[in-house]
Every structure is written in C-alpha cells, then in structure tokens.
Amino acid sequence: MSNTELNPEIQELWNTVQIEMDGSVPQFDATICPDIDSPHFSLGVGALPALQSVNWSAEQPELELGGILGKGGMGIVRVAKQSSLARDVAVKSLHASNEGTKDDRREATLKLMQEAWAMGLLEHPNIVPVHLLGRDRDGKPILVMKRIEGVAWRDVIAGEAEMPSGFQGSDPLVWHIEILLQVCNAMQFAHTKGLLHRDLKPENVMIGEFGEVYVMDWGLAVRLREDVPTNLPLARDTKGIAGTPAYMAPEMTKGVGRWLTEATDLYLLGTCLHEAITGMPRHIGHNIFQLLASSHLSEPYDYEDKIPRELADILNKAMHVEPESRFESVEAFRKALVEFLQHKNSVEIGREATARLQELQEITSSPVSVQEKNTLQIHELYGQCRFGFQEALRSWPQNTDAQEGLQSTLEIMAEYSIRQGEYLAASALVAQLPRENEALQKKLAELKDKMDSEAARNQQLQKIAENLNLRVGSKTRSILISLIGVCWCVFFFVMGWLSRNGYYEPSNFDYVFANISIAALLGLGVFFGRRVLFQNAANRSLVRLVYLAFACFILLGITGQVLGFSGRDSYIIALLIICLITGMMTIFLDWRLVGAPLVFFLALVASLIRPDYSYEFQGAADLVAFVWIGVVWRNWNMMLFESPSHKN
C-alpha cells in the first residue's frame, strides 16, 4: 500500500506519530501515548494525598520499598512491604528517565493517574486491586496495588516463560482460550462500568501460578459515558493516535475519538488470541506506516489448516474492519469461544476421521488390482470414517467439516459399490446422503439398467438351460427307454427262434407291425408320464426323436417290402440306422451314451458275418443298448448338465 492510496487527512495524521513513517522502528509493540489535553489534569498530583511513610520517615515506614518487579517506558514497579498489614504490595512510580521536558513529565504523570483512576473504579477478580494513589516526598505520583506473582502472557507465547506448573501438559490452544475468557470477563465488566481499555495486548495480561489472570496497564483507559464517576477523559474528546500499532483496531488509526466503542476493545481481544495461536502480532511490517496501514485495512487473515475453521471464523469476525460487523459485545465473543471449546472435541474426532477418509480415497482411486487386494481394508476404513463423522456430528450437529466428511465418505463408498456392481449397497449409501448427488443417482440408475438387462439375459439363459436339462424326467425316461429295449429284445429273439426252427420266416410287414405295437405301448407310457416328459424342450425333442425313429423303421419295412427285400435284410439296415442315431446322440447330447452305438455296431458286424443269427444279435443289442441308455440317464453323478434336480 503506497502513501498515495491513503486519505490525505489520515496520512497527515500518521505523519504526526512520534516515529518517522518511513524510518526503522525498534519496537512496534510499544504503546503510543496521546497528546496531553485533559481537562482533569488540573486536578494534578497536588490533589493527591501525601504518603509520608515511604522509607524516609524516622519511624517505622508504612511501605518499605524493595526490588524491581518490572519496568515500562514511563514507569517502574517495585515490590514493597506494607508494615501495617504485613503483606507485600506493588508500588508503581514514574521512571527515573522521565526527567525530560515538561510535557514528558506531564504525559507520564497523567498516564499513571489515569491507570489508577480506571483500576480504582473496577473491582473485579481479573483486574488488579488498587490500594492507594498518592504522592511521594518529591511530589511524584505513586500507585500502591496488589502484588501479582506470575508471568506475562506474552512471555509464555514467545517461549520466554513457562506455562504455570499447574497447567503444563494441557492443550496449549485450550489454555490460551481459557486465559482470554478471563480477560473477556474483565473487559465486559469494564464496559458495563463505561470504561474502554484501548491497549489490550498479551504483554498487559499477567498470569498467576494458579491460573489467576489480571488485565494490567490501564493508562490509556477512557470513559464511554459522561456519567461515569471518574476523572478519565471521554473517548469522544480524545484526539490523535493512541495504542500499540501491532494490535490497533482500524478505527484507532483515524485518530478521532468518536469512532471508539466497546467494539474497539473487542478487536484488541481478538488480536491477543491471534498472537497466542500464531505466535505473531496481528499487524506486522518494516515501519510504522506498514503497521498502521495493516490495521487500517484489517483484511481477513488466512489461518493455517491446523487452526480449526470455527476458531478462524470467530477471530476474523472479532477483528473485522467494520466495528458493526464484529460481535455485538465482548460477552457474545466470549460465548462464541466457549462454544468453540465445547465443539473442539467434535472437531478433533472429525480431524481423525478426515485422515482415515484420505486413506479411503487413495485406495478406492488406485488400480482395480490394488482395490481387490484391499477389499477388507476399504470396508474397515469406511466404517471408521462413518463412525467418526457421525460421532463428531452427535457432539456438534453444526460441524460443517464433519458434515462434508460424512457426505464424502458415503459418496466415495457409493462410487466404489457401483464399480463393484453392488446395487443394493450403493442404493442404500446414496439414500443416506445428507445432500442429493445427481451424478451418483445417474450412475446408480445406469447400474440398475445394466443389472436388469443382465437379469433378463440370465433368466433367458436359465430358461434355455431348463429346456435343455436332461435331469428333468430322467427316471421316467429311463424306464421307458429300458422298456423299448426289452420289447425289441423279446421280438427279435422270438423271430430268430421261429426262423431257425423253420416255423416262420419274418417279413417286412412283421417288422412294421412290431414298430407300430411298440410305439403304441411307448405312447401309453408317454401319456401317463406327460407331466414330466413335456416339462422342457429336451424331453419333448427326445420323444419326437423316438417317434421319428419308429416312423423311419415303419417306412423302412414298407420300402423293403416294395423293393423285395427280405425281412432279415431290412432288419440289418434298421440296425445300421439305429447305430447312426445313437451315435449322433452320443456326439451331440451325452458322451456317456457311447456304449449304445458301440453295441449296435458290434451287432451289425456280427449280423453281416453270421446272418443266420442276425435276429438274436439285434435283440441282444437292443436290450443292452437301451438298458445302457436307461442306466446312464438314471445316474446323474457324472452328468454334464448340472441344473436343479428333476428326477421324476
């Protein structure tokens, strides 16, 4: 920010600060004191009671001054022994270096008296009690206060002093917030009394051994109302810049007292906690101009990720450039911090769940082979993430990080389930999303369409499999095929006996009659077994195939008769045909039927070698082959088509 970007009046005001705007500043956390222009200064030190018993009386002095407790730019604090009450007190007086100009002495004197007036009006556990304000034998003011044994908050922040022993091991963030809460109590009390501090900073907060917190250095305090019973100046009457540049509120840089309100101290409270958690003052720069410019702009601070978002939002609101955009009061700010502490456990649980969520995201984004190896870990991480975020939200339902984490957890797992084709799991996860995700719903719908298509295809394949299932009707089919074998065996053995003994020579018509008779007998069996045999296409095809064979044999007998073939020749041709039919059944239906065509082939060869025994060969072949087929269809332990059992 250049000088030319500033309002000329503000630039001129900043040029009046007692440190050159473009020069080097040794300490930017030093307090800038206002010009002396107090209507109450006429009361002066002369109006104060003389404290005659401060080490110069011949009698036992009331206050025996001891060692130095601390030094400031204008004053010095010593420990003293109060004889009448046998207690240690702190005595603040002007620094010996304040022997400069008359204005320097007046400034130091007024600051000390204003501090005494402010502290005397405020009786609060977090404000140092004032015992007495008077003057010494040289006419200089002295302030007698309660002695505070402890460390400055800033020294703890800077690592120059340790946290009180009773608090070591505590969460530093929680400890710093609890310190500030007590400072807030003091400032809320001061505001109800109509006083404004104007110089709040960690350096002006003392912390006792047992956690006592005291707001110190009220030398810049002013009144907010005329009815406040004190000699402090009214805020609206003050002029010029006063305060510590590294912590100043924007309105303090304008140098006009009417802009000062309780929101000014609220801003300073925010800067105290800011330094406690970042280790740096709110405003930093290489010269006084840069500090004042930083304060004047007060742009929102971008805190590191380790700072909880809720706390960052609280601080940026407390330090908003516009006073009316800050918290409505110090009490509201304090309550926001108390709520944050209550929410902190939720935030920590959510942070742990977020770490697990990152692992889950990495694994589910890895190659499929990696995901397959880590299926169990994926589900374990999902459970940990979901439980963690739900616990965080149970503790604090408005935890936006946990809300987003739970949303992301469900979305990641829903995506994973969709990729795995797990529709039910994915749909349950999508239904539980706190916020609808149209992209996931679209993917889920696509998965459902794909699964419905596959289900229809599988149903069609299942239907085909059922139609081709040879288990269906296996028992009935086995009985009927064995019955055919027995019938043909009886027929051919009878024909062979009659022919060999010269009683009768079978003709083609006998063969036709036998086929018709056995087909009729088989038809009766099919009729009674129709509920089973007609259940699927395989059995219906087999029934048709058997009757087609009967039709072929009948046609063979008629053709043989027309062509003048003997009955024996027609039977041998029939043997060749049945050998071919069973051979095709073996090839296309069930390889275990191989025994049937083999038996028929052997019978065919034997009949060609010994035609006189062809009837017996064919009868024996029919019996063995058809019983073989029946046995095979009854024994499904080795069946090629393993489908639901139908053994009727």
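For segment 419-541, what is one quarter of the convex hull surface built on the Cα atoms, given in nm²?
On the way: hull surface 48.7 nm².
Spelled out: convex hull of the Cα atoms, projected over all directions, averaged, 12.2 nm².
Given a cut-off of 30 Å, name the pairs among 81/239; 193/317; 111/254 whose C-alpha atoms lie farther apart than that in the structure shown. Walk me through the numbers before you get to the answer.
Details: 81/239 40 Å; 193/317 25 Å; 111/254 21 Å.
With Cα atoms farther than 30 Å apart: 81/239.
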Check: Protein chains only, probe 1.4 Å: how do 280, 163 rank by accessible area, largest first?
Finding: 280, 163
Next item on the list: Report the extension gain between residue 573 and residue 602 in nm, rounded to one decimal, defined as 0.36 nm multiplied by the number of residues separating them, less their alpha carbon distance.
Entry: 9.1 nm
Next item on the list: Could you list the GluC sites (Glu not before Pro) in segment 367-474 that lie in coil according to DSSP, counting only those with at most 14 other Cβ atoms within 10 Å of their Cβ?
Entry: 436
Check: Using the alpha-carbon atoms, what tilt in degrees (0 to 90, nearest 10) does helix 102-121 show relative to the longest principal axis of the chain?
Finding: 60
Next item on the list: Work out the charge dipole of the chain with +1 on the Cβ of Lys and Arg and -1 on the Cβ of Asp and Glu about the Cα centre, then indicate which of 85, 485, 165 is farthest towards its positive end.
Entry: 485
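Only helical DSSP H runs with n ≥ 4 go in: add -39500 (n - 2.57) per run for the chain, normalise by residue count and round the 222 nm mean residue ellipticity to 500 deg cm²/dmol.
Working: 20 runs with 349 residues, N = 648.
Here the helix-only value at 222 nm equals -18000 deg cm²/dmol.
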Check: When all protein chains stay in place, what accessible area (Å², nearest 10, 1.4 Å probe) is found for residue 218?
Finding: 0
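Rounding to the nearest 20 debye, state how big the charge dipole of segment 443-593 is about its Cα centre with +1 on each Lys and Arg Cβ and -1 on each Asp and Glu Cβ. Could the numbers behind the result be given before it?
On the way: 15 positive and 9 negative charges, 103 e Å.
I would put it at about 500 debye.
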Checklist line | Separation of alpha-carbon centers, segment 334-394 and segment 438-457, rounded to whole Å | finding: 29
Check: Where does each of 338, 631, 494, 128 land when they are ordered by accessible area, with a 1.4 Å probe and the largest first?
Finding: 631, 494, 338, 128
Notebook entry, point to check: So how exposed is residue 612, as accessible area in Å² (1.4 Å probe, rounded to 10)?
Noted result: 70
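Mind checking the dipole of the chain: about its Cα centre, +1 per Lys or Arg Cβ, -1 per Asp or Glu Cβ, Debye to the nearest 20?
On the way: 58 positive and 76 negative charges, 819 e Å.
Using Cβ point charges on Lys, Arg, Asp and Glu, the chain gives about 3940 debye.
Would you work out the relative contact order for the chain, in percent, from Cα pairs under 8 angstrom that are 6 or more residues apart? Spell out each step's value before the answer.
Numbers: 973 pairs, mean separation 60.8, N = 648.
Across the chain, relative contact order equals 9 percent.
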Checklist line | Accessible heavy-atom area order of 348, 616, highest first, probe of 1.4 Å | finding: 348, 616
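Quick one: with all protein chains in place, what share of the accessible area of the chain is carbon or sulfur, to the nearest percent (1.4 Å probe)?
Details: 18100 of 32400 Å².
The value for the chain is 56 percent carbon and sulfur by accessible area.
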Notebook entry, point to check: How much solvent-accessible surface does residue 71 expose, in Å² to the nearest 10, with a 1.4 Å probe and all protein chains in place?
Noted result: 140
Check: Roughly what angle does helix 400-419 make with the longest principal axis of the chain, taking Cα atoms, 0 to 90 degrees, to the nearest 10?
Finding: 20
Notebook entry, point to check: Angle between the Cα long axis of helix 537-563 and the longest principal axis of the chain, 0 to 90 degrees, nearest 10?
Noted result: 20
Item checked: residue 462 paired with residue 486, simple spin-label distance in nm, labels 7 Å along Cα-to-beta-carbon -> 3.9
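Which GluC sites (Glu not before Pro) in segment 169-223 pass both tests, a DSSP loop state and at most 16 other beta-carbon atoms within 10 Å?
Numbers: sites: 178, 203, 209, 212; in loops: 209, 212.
Here the sparse-neighbourhood loop sites are 209, 212.
Of all the C-alpha pairs in segment 488-574, what % are more than 22 Å from each other?
Working: 1346 of 3741 pairs.
Looking at segment 488-574, the distances longer than 22 Å represent 36 percent of pairs.
Counting only heavy atoms of the protein chains, get the accessible area per residue of the chain (1.4 Å probe) and round it to a whole Å² value.
On the way: 32400 Å² over 648 residues.
Ligands and nucleic acids excluded, the result is 50 Å² per residue.
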Next item on the list: May I ask you to derive the FRET efficiency for residue 432 and residue 299 from their Cβ-Cβ distance with R0 = 30 Å, giving the value to the nearest 0.05?
Entry: 0.15
Notebook entry, point to check: If you place +1 on the Cβ of every Lys and Arg and -1 on the Cβ of every Asp and Glu, how big does the dipole about the Cα centre of segment 392-509 come out, in debye to the nearest 20?
Noted result: 780
Note to self: Past 25 Å, Cα to Cα: identify those pairs from 373/463; 71/335; 306/442; 71/201; 306/335, in the order given.
What the structure shows: 373/463; 71/335; 306/442
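The values are calculated or read from the model by the stated rules, or taken from the named source; none is laboratory data. Note that the structure is a prediction, hence the values are computed from the model and not measured. Every residue, glycine as well, gets a Cβ built from its backbone with ideal geometry; the counts of neighbours run over all protein chains shown. When the accessible area is computed, the model is the full protein with side chains, heavy atoms only, and any ligands, DNA or RNA have been set aside. Shrake-Rupley method; radii C 1.70, N 1.55, O 1.52, S 1.80 Å.
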